[in-house]
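Participant: Submitted below is the structure of interest, expressed as structure tokens.
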Amino acid sequence: MKRGIQTHHMSTASDSENNMSLCANCGKGEEAGINLKACAACKSVKYCTRDCQIAHRPQHKKECKKRAKELHDEKLFEQPPPDEDCPICMQRLPTLAKGKVYMACCGKIICCGCTHAFQSRATKKEEDICPFCRTPMPDEEEAIKRLNKRMELNDAQAIHDTGTYYAKGVYGLSQNYTKALEFYHRAAELGHGTANYNLGMTYHTGDIGVKVDEKKAKHYYELAAMRGQTDARHNLGCFEEQAGNKDRALKHFMIAVKDGSSTSLESIKRRYEMGITTKDVYDEALRSYQAYLDEVKSDQRDEAAALYSKYY
Ligand SMILES: [Zn+2]
Ligand SMILES: [Zn+2]
Ligand SMILES: [Zn+2]
Ligand SMILES: [Zn+2]
């Protein structure tokens, strides 16, 4: 028999699966006026009816899971967009929680440099006001009132902060873990990074009265990490490291370093010293960390940091 180049088209399973204008099961097309719906998990095949989707499931299942995992990883390992800039100095906000202050009067997050500069200029109590909206600083009772008002507006930061006050039992609120979790969940659903991190931490360590559940911890850490929460990202790196997935661990650490995580930088340094990672990788991490510092540092912020503690 003569062996030559195949000139006729050989159709394969993956060909039909990748044709997004045909039902992956029965082959009916969009041109017939049928509204095809994509598989919600993998978004790489379409079906004309639910029955077709069910009929095709045994054959599609493996590919679907694989593709869904790839899609998830693509999102997970993307560098998250940076935090908003400080509305006063217009410079990128530091990632570290200590480097910024939430103002429940106007809902703005202001950098430590700007709040410090403002407070150090105030000579009288009347001058101790919000640098953004100029509302006087609140006492404890007023602070909670303002938070409640912001919560009515579905402000995720206010909801998260209230959760933390319940977890700690401060600001005149009695310690209540059930309520703390409720607020964290609410803020997390609104996409709040730290609320997702706190939930992850809770399931990771079993604190504030929940059962340890590593799968759930990972789920919330992932949501937090995709929102730029670097502690969550670092912990994911540690999970991967423990599971022996060195490449995935390094990817997480590197993304966290780019957003200013000194803990992840330490991890990469340790790997370099142990000969697990190359000097090039460590150098890249050092450069990325410096680039982050250059972006968030200012004289004003340095002054505040010198007085208090680490802000970047
Ligand atoms: Zn069909
Ligand atoms: Zn699918
Ligand atoms: Zn500022
Ligand atoms: Zn304000």
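Participant: Mind listing whichever residues of the stretch 66-88 are without any contact (Cβ under 8 Å) to a residue 60 or more places away in the chain, in contact with a helix residue (DSSP H, G or I) (Cβ under 9 Å, 6 or more places away or on another chain) and within 16 Å of ligand 3 (Cβ to nearest atom)?
Facilitator: Residues of the stretch 66-88 that are without any contact (Cβ under 8 Å) to a residue 60 or more places away in the chain, as a first pass: 66-74, 84-88.
Then drop every residue that is not in contact with a helix residue (DSSP H, G or I) (Cβ under 9 Å, 6 or more places away or on another chain), which leaves 72-73, 86-88.
Residues satisfying the conditions are 86, 87, 88.
Participant: For the stretch 100-118, does any single residue satisfy the condition of being within 12 Å of ligand 2 (Cβ to nearest atom) and assigned to a loop (DSSP other than H, G, I, E, B)?
Facilitator: No, every residue in the stretch 100-118 fails to be within 12 Å of ligand 2 (Cβ to nearest atom) and assigned to a loop (DSSP other than H, G, I, E, B).
Participant: Also, quick follow-up: Give the stretch 150-178 a look and list any residue that's open to solvent by 30 Å² or more (accessible area, probe 1.4 Å) and in contact with a Leu (Cβ under 8 Å, 6 or more places away or on another chain), or say none.
Facilitator: 154, 165, 166
Participant: Is it the case, given these coordinates, that residue 209 is at pLDDT below 95, in contact with a helix residue (DSSP H, G or I) (Cβ under 6 Å, 6 or more places away or on another chain) and in the same structural domain as residue 147 (by TED's automatic domain parsing)?
Facilitator: Criteria met by residue 209.
Participant: Moving on. Does residue 59 satisfy the criteria of being touching a residue at least 24 places away in the same chain (Cβ under 8 Å), more than 17 Å from residue 112 (Cα to Cα) and open to solvent by 70 Å² or more (accessible area, probe 1.4 Å)? Please lay out each step first, then the result.
Facilitator: Working: touching a residue at least 24 places away in the same chain (Cβ under 8 Å): yes; more than 17 Å from residue 112 (Cα to Cα): yes; open to solvent by 70 Å² or more (accessible area, probe 1.4 Å): yes.
Yes: the conditions hold for residue 59.
Participant: Also, quick follow-up: Cβ contacts < 8 Å: first residue more than 23 Å from residue 297 (Cα to Cα), restricted to the stretch 112-126; second residue surrounded by fewer than 21 Cβ atoms within 10 Å (Cβ to Cβ), any location; separation 6+ or different chain. Result?
Facilitator: Hits for this filter: 122/128; 122/129; 126/136.
Participant: On to the next question. Report yes if some residue within the stretch 125-140 is closer than 30 Å to residue 88 by Cβ, at pLDDT 95 or above and touching an Asp or Glu at 6+ places or on another chain (Cβ under 9 Å); otherwise report no.
Facilitator: Scanning the stretch 125-140, I find no residue that is closer than 30 Å to residue 88 by Cβ, at pLDDT 95 or above and touching an Asp or Glu at 6+ places or on another chain (Cβ under 9 Å), so the answer is no.
Participant: Taking the conditions exactly as written (within 30 Å of residue 177 (Cβ to Cβ) and in contact with a strand residue (DSSP E or B) (Cβ under 7 Å, 6 or more places away or on another chain)), does residue 151 satisfy them or not?
Facilitator: no
Participant: Looking at 91, 53, which one is open to solvent by less than 80 Å² (accessible area, probe 1.4 Å) and within 12 Å of ligand 3 (Cβ to nearest atom)?
Facilitator: 91
Participant: Would you point out the residue of the stretch 121-139, among those that are open to solvent by less than 70 Å² (accessible area, probe 1.4 Å) and not aliphatic (A, V, I, L, M), that is farthest from ligand 3 (Cβ to nearest atom)?
Facilitator: So the first thing to find is which residues in the stretch 121-139 are open to solvent by less than 70 Å² (accessible area, probe 1.4 Å), and the list is 122, 127-131, 133, 135, 137-138.
The next check asks that each one be not aliphatic (A, V, I, L, M); those that pass are 127-128, 130-131, 133, 135, 138.
Working: 127: 18, 128: 17, 130: 13, 131: 8, 133: 14, 135: 17, 138: 20 Å.
Once the filter is applied, the top-ranked residue is 138.
Residue by residue, here is whether (1) open to solvent by 60 Å² or more (accessible area, probe 1.4 Å); (2) assigned to a helix (DSSP H, G or I) holds:
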site	(1), (2)
216	yes, yes
220	no, yes
223	yes, yes
228	no, no
231	yes, yes
238	no, yes
250	no, yes
268	no, yes
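Participant: Open to solvent by less than 30 Å² (accessible area, probe 1.4 Å) and either assigned by TED's automatic domain parsing to the domain that holds residue 162 or at pLDDT 95 or above (or both), is that true of residue 199?
Facilitator: yes
Participant: From 30, 63, grab the single residue that is of a type in the set (Asp, Glu), under 30 Å from residue 248 (Cα atoms) and more than 16 Å from ligand 4 (Cβ to nearest atom).
Facilitator: The match here is 63.
The values are calculated or read from the model by the stated rules, or taken from the named source; none is laboratory data. Source: prediction; values computed, not measured. For neighbour counting, all protein chains shown are included, and Cβ atoms are generated from backbone atoms with ideal geometry for every residue, glycine included. The protein model used for the area step is the full one, side chains on, heavy atoms only, and it has no ligands, DNA or RNA in it. Shrake-Rupley method; radii C 1.70, N 1.55, O 1.52, S 1.80 Å.
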